[in-house]
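Note sheet for the following structure.
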Amino acid sequence: MGVMQSLARMITPRQKANPAGEGNYHPGPYTVSGGVLPHAWGQYLNYWQMDLDPLSPPGCSTVEACVWAYIRAVAQLPGYHKRELGNGGTETVNTSALSRLLRAPNAYQTPSDFLVHLIRSLLYTGNSYWIAQRNDRQEVEALHWTDPRSCRVREIRVQGQVFSEVFYEIGENPLINLTSLADNSLVVPARDVLHIKLDTRRNPLIGETWLSALGPDLATDAAIHSSAATFSGNMSRPSGVLTTDLQIKQPDVEALRARWNEQAKGLNAGGVPILTHGLKFQPISISNQDAQIVEQQKLTDQKIASVFGVPAILLGINDTATQKSTEAIMAEWLASGLGFLINHIEQAFDKFTGLSASPAGREWTEFDTRMLLRSAFRDRIDGLARGVQGGIYSPNEARLLEGLPEAEDGDEPRVQQQVVPLSAWDKQPPEPARPAAPATPQDQTPEEDQTPPDPDKAKAYARFLIERAIDHAA
């Protein structure tokens, strides 16, 4: 009964004490379905009847660019189930439940779609929840996405156990029929939920997004965009003005404006007006205040990119004179933000599928990062050529990485002859043994013997030929 009572309490969440008194208004903001309610709206329980729609969190193009930089990079990586061999090598397992899951996560999503939803929910909310569907062998055959905003982690304390049991309460989900369940929610044990989370500074079961560290910067970015939109909507700034020292009457001003627009506006934009009577065109440049706003916007974008760990050049922010190659940029990103995210997802799959419990980590999930250099053909071929010449790869192994068929006699690694161990630097390598001469048949004549004779035998053989020639002449 203790477990059932705990589950019942889990379905009905406990209310926190209101410091202002039960039933009284207390400061927000309040997180509701569809957005956030500001502080002043918390006193209205029927806010939806007062045309007070929840406010969506402020969007930022730089944050979206960072998120999609990760999505574009990770979504193109194929996932494999790897196993360590006894000789120190590795092999790819193609018949396991994990390998099938990585190739087809469910019936309605491709691996790319699966990773797009996973990374987007992970970076924006700090959590990504996937409900497992098992087959008759209790293997995970499909993973179904659920909205992180409608999921809750529940810890159930069981009498006699030190650690609590972990369950997940799934709320609104377009893929699950919850109308027949109590409170329109589904309770799932932790073993059937793939939960990938970021920073867990407050609760080890709830992740927090990197956006929590960008509150002031996102507020500054939103204020700059709001000010710019208001300025553009309320002010019309010309590209330049016509100046002269002469006194011009109103009819002449109207005539000059009409003539100018006739030569430099609409379909005639880009024409060459001819200025006379001391008229001068003075273009209006950007003011110092506007330049400071641009610099502040650029600084905010750089801070957002640094928190997400994305190279600024991938976001179009290039304020340095150093030009790096594609391989150098990807290597720098793999060593920081991208490498962490890929490894974080791999280890989450290992823990969910039980591979992390394998002895000495003999099996693991791996996303092939070589696909990031798919467009860098020259760098990729140079690396494979050096690997073959150095004896690291055999020719067929290098050809396999490029999707080419095996070549004859290409299974063995090769090195040049002068490559010797350091212990033999002062030793002359032994000469290879000469092959033994084939045995000469008894009926083989001296003319047919092809073995090279020694000098004495050669002289005797020459003398024999001369004597025989003299006998024939006689």
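The values are calculated or read from the model by the stated rules, or taken from the named source; none is laboratory data. Just so it is clear, the model here is predicted, and its values are computed rather than measured. Cβ: placed from backbone, ideal geometry, glycine included. Neighbour counts: every protein chain shown. With ligands, DNA and RNA removed, areas are computed over all heavy atoms of the protein, side chains included. Shrake-Rupley method; radii C 1.70, N 1.55, O 1.52, S 1.80 Å.
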- Amide H to amide H, which residues 5 or more places from residue 146 or on other chains are under 5 Å from it, using H placed in the peptide plane? 129, 131
- Å² of accessible area per residue within the range 68-179, as computed with a 1.4 Å probe and no ligands counted: 54
- Message: Per 0.36 nm of contour for each residue apart, how much would the distance between residue 392 and residue 164 grow if the chain were fully extended, relative to their Cα-Cα spacing?
- Response: 77.1 nm
- Excluding ligands, DNA and RNA, what is the solvent-accessible area per residue of the range 369-414 at a probe of 1.4 Å, expressed in Å²? 76
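If you place +1 on the Cβ of every Lys and Arg and -1 on the Cβ of every Asp and Glu, how big does the dipole about the Cα centre of the range 99-219 come out, in debye to the nearest 20?
Numbers: 13 positive and 14 negative charges, 46 e Å.
The dipole of the range 99-219 has a size of about 220 debye.
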- Contour excess over end-to-end distance, with Cα ends at residue 93 and residue 408 and 0.36 nm allotted per residue: 110.8 nm
- Query: lysines near residue 351 by alpha-carbon distance under 25 Å, same-chain residues fewer than 8 away left out - which ones?
  - Reply: 82, 197
- Place the peptides 84-95, 381-392 in order of packing, highest mean first, counting for every residue the other Cβ atoms within 10 Å and averaging per peptide. 381-392, 84-95
